[in-house]
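Single-structure report; data block below.
The values are calculated or read from the model by the stated rules, or taken from the named source; none is laboratory data. In this text the structure is predicted, and so the values were computed from the model without any measurement. Ideal geometry is used to build each Cβ from the backbone, glycine not excepted, and the neighbour counts take in all protein chains shown.
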Amino acid sequence: MVRDTPNPADVDAMEKKVRTFLPDVIGDLKELISVPSVAFPGYPPEPVYRVAELTADLLKRNGLADARLLEIPGGYPAVTGEIPAPPGAPTVLFYAHYDVQPARKEEGWETDPWIPTIKNDRLYGRGAADNKSGIATIAATIRALSGKYPVGIKVIIEGEEETASHLHAYVEAHPELFRCDLFIITDMGKLIPGEPVLSTTLRGEVSCVVTVRTLAHAVHSGVFGGPAPDALIALIRMLATLHDRQGDVAIAGLSSYSWRGAEFPEPLYRRLSGLSESVETIGSGSIGSRLWSKPSVTVIGIDAPAVRDASNILIPQARARVSLRIAPGSDPKHEVRLLADHLRAHVPWHARVEISEVHSSSGFICPTGGLGYETARKVMGAVYRRPVQESGAGGSIPLLNVLRHAVPEAEFVLWGCEDHEQSRIHGANESVSISELERMIVTQALLLQELGDRQ
């Protein structure tokens with residue numbers, strides 16, 4: 001049984017304490033945002049290494065004395081450090097990532113994505129929410145404890161979460177370095193700022209490239225069009241079979257279940273997604289189920305002539321990348337095989353088809369009900385002064401299952417400063433609520449204190 005936590009006076013005291021150094025937190029986050037740490041292939045490596053060094057320095061200045069770069073074979077370094085646990089106390093491992101998505105002002109940014117700007121209690125810039133806010137709140141959480149650490153603290157800040165991660169293999173090879181009682185994953189968030197949420201599931205993602213060939217070479221559409229099938233038309237017909245008339249995914253055998261946690265109101269979903277008033281939502285079941293516990297399929301890229309380059313030819317070859325979000329707990333290798341089988345079964349006119357570049361990553365189901373999770377829920381509710389909801393997430397963090405396999409006895413808490421309403425992660429005008437930064441620092445500091453008090 002977890003007692004009601006924490007004492008309201010403790011919440012008030014921690015809030016006052018955090019406010020005294022919140023301007024420093026904002027300044028530190030601004031410095032991180034200003035360096036374009038895009039770890040994608042083809043982008044300069046120097047900014048990525050620069051942010052890794054800034055992150056280590058930030059953690060060290062805030063109390064993680066041995067913060068340092070951890071070389072990850074084949075990839076960018078992680079940032080790590082540890083404060084040993086007092087006798088009998090648990091150890092908590094904080095996770096965030098310092099790499100970010102690309103950003104260009106011409107993509108719709110109202111401000112320069114690499115010049116942090118504050119407007120209306122929000123800090124704008126690439127990485128402000130996803131996930132440099134996590135770095136800032138972890139450092140500030142350590143600072144808020146003023147050198148009195150009630151639990152052991154480990155930190156791992158990844159440098160390749162947004163791209164092909166090499167940390168997964170490192171965790172599998174060195175599981176002892178990640179031993180802890182509770183993982184706190186700061187790369188999540190809420191529907192709306194100020195509405196406390198713990199994420200309990202994440203969908204997985206599988207994808208493949210399907211290539212369709214019908215002709216040895218391009219030919220004149222007037223001279224040969226009619227009997228000879230066009231590869232792009234064949235591909236379009238295949239892709240059109242991925243959904244039924246209602247918009248549900250039509251791939252037979254995929255895992256699916258009904259969402260039973262907090263609901264995502266449809267009006268809020270329409271507003272946040274930018275769905276036009278006249279456009280219907282697709283699929284069946286609640287919005288929560290369609291987002292968090294049922295599969296969804298998207299064509300995320302097509303290689304075909306651009307309209308400006310169009311000419312009167314039959315296209316001999318076309319290809320597309322198909323991405324399938326899969327239900328938490330499902331087997332990604334099984335689901336991607338079903339996707340490939342479906343595409344092959346719907347090839348028209350005996351066109352030649354190749355399916356390649358198959359990728360798969362698991363979803364995640366957070367173990368709930370343990371001491372760490374329940375304490376986190378109660379502390380968050382006390383800080384936000386309202387009941388905590390449980391929600392799913394449509395995105396994926398493949399590392400979570402790797403950590404769970406490496407440390408099977410550990411609990412997980414998934415939360416953070418991001419919000420669906422305005423953060424716009426991966427998009428233009430990404431931002432983070434400054435009030436959320438403050439609330440999450442207070443929440444995390446009090447959680448560590450409560451966990452230490454329970455021993």
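Some values worked out for this structure:
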| read-out | value |
| --- | --- |
| Residue among Ala67, Ala85, Ala78 that alone is farther than 13 Å from Ala136 by Cα, at pLDDT 95 or above and in contact with a Lys or Arg (Cβ under 6 Å, 6 or more places away or on another chain) | Ala67 |
| Test: residue in the stretch 240-250 that is more than 25 Å from Leu437 (Cα to Cα), in the same structural domain as Ile300 (by TED's automatic domain parsing), buried (at least 17 other Cβ atoms within 10 Å of the Cβ) and not acidic (Asp, Glu) | yes |
| Selection count where residues are among the charged types (D, E, K, R) and buried (at least 22 other Cβ atoms within 10 Å of the Cβ), scope the stretch 320-337 | 2 |
| Among the residues listed as Leu191, Leu145, the single one being modelled with pLDDT under 95 and in the same structural domain as Phe40 (by TED's automatic domain parsing) | Leu191 |
| Where Ala136 falls short, out of the listed (1) surrounded by 24 or more Cβ atoms within 10 Å (Cβ to Cβ); (2) touching a strand residue (DSSP E or B) at 6+ places or on another chain (Cβ under 7 Å) | (2) |
| Test result for Gly261, at negative phi and either outside the structural domain of Leu339 (by TED's automatic domain parsing) or not in a strand (DSSP E or B) (or both) | yes |
| Test for Val432: is it assigned to a strand (DSSP E or B), touching a Cys at 6+ places or on another chain (Cβ under 7 Å), modelled with pLDDT of 95 or more and among the β-branched types (Val, Ile, Thr) | yes |
| Output for the stretch 252-275, where each listed residue is among the aromatic types (Phe, Trp, Tyr) and crowded, with 16+ Cβ neighbours inside 10 Å | Trp259, Phe264, Tyr269 |
| Residues of the stretch 169-195 that turn out to be surrounded by fewer than 20 Cβ atoms within 10 Å (Cβ to Cβ) and under 30 Å from Phe264 (Cβ atoms), as a count | 4 |
| Selection within the stretch 304-343 - charged (D, E, K, R) and either more than 34 Å from the chain's Cα centre (by Cα) or not in a helix (DSSP H, G or I) (or both) | Arg308, Asp309, Arg319, Arg321, Arg325, Asp331 |
| Strands (runs of 3 or more DSSP E) completely within the stretch 169-257 that count 3 or more residues being farther than 30 Å from Thr443 by Cα | 204-213 |
| Selected residue (only one of Leu414, Leu403, Leu399 is within 25 Å of Pro265 (Cα to Cα) and either buried (at least 21 other Cβ atoms within 10 Å of the Cβ) or free of Cβ contacts under 8 Å to residues at least 24 places away in the same chain (or both)) | Leu414 |
| Condition check for Ala216: of a type outside the set (Ser, Thr, Tyr) and either closer than 27 Å to Gln389 by Cα or not assigned by TED's automatic domain parsing to the domain that holds Ile355 (or both) | no |
| Counted residues, the stretch 123-168 - those being part of a helix (DSSP H, G or I), within 21 Å of Ala65 (Cβ to Cβ) and among the charged types (D, E, K, R) | 1 |
| Unique match (being crowded, with 18+ Cβ neighbours inside 10 Å, in contact with an Asp or Glu (Cβ under 8 Å, 6 or more places away or on another chain) and either under 23 Å from Ser165 (Cα atoms) or among the small types (Gly, Ala, Ser) (or both)) among Tyr76, Tyr124 | Tyr76 |
| Residue that is of a type in the set (Asp, Glu), in contact with a helix residue (DSSP H, G or I) (Cβ under 6 Å, 6 or more places away or on another chain) and assigned by TED's automatic domain parsing to the domain that holds Leu22, where the choices are Glu409, Glu438, Glu390 | Glu438 |
| Selected residue [small (Gly, Ala, Ser) and either assigned to a loop (DSSP other than H, G, I, E, B) or under 21 Å from the mean Cα position of the chain (by Cα) (or both)] from Gly381, Gly372, Gly416, Gly452 | Gly416 |
| Residues located in the stretch 264-284, provided they are part of a helix (DSSP H, G or I) and out of contact with any helix residue (DSSP H, G or I) (no Cβ under 7 Å at 6 or more places or on another chain) | Pro267, Leu268, Arg270, Arg271, Leu272, Ser273 |
| Some residue of the stretch 102-118 being surrounded by 20 or more Cβ atoms within 10 Å (Cβ to Cβ), farther than 15 Å from Ile83 by Cβ, under 16 Å from the mean Cα position of the chain (by Cα) and modelled with pLDDT of 95 or more | no |
| Residue list for the stretch 79-101, restricted to those being crowded, with 18+ Cβ neighbours inside 10 Å and under 22 Å from the mean Cα position of the chain (by Cα) | Val79, Thr80, Val92, Leu93, Phe94, Tyr95, Ala96, His97, Tyr98, Asp99, Val100 |
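Table: residues versus (1) of a type in the set (Asp, Glu); (2) on the phi > 0 side of the Ramachandran plot; (3) free of Cβ contacts under 8 Å to residues at least 60 places away in the same chain; (4) touching a Leu at 6+ places or on another chain (Cβ under 6 Å).
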site	(1), (2), (3), (4)
Pro113	no, no, no, no
Asn131	no, no, no, no
Ala144	no, no, no, no
Lys148	no, no, yes, no
Ala173	no, no, yes, no
Asp181	yes, no, no, no
Ile184	no, no, no, no
Lys190	no, no, no, no
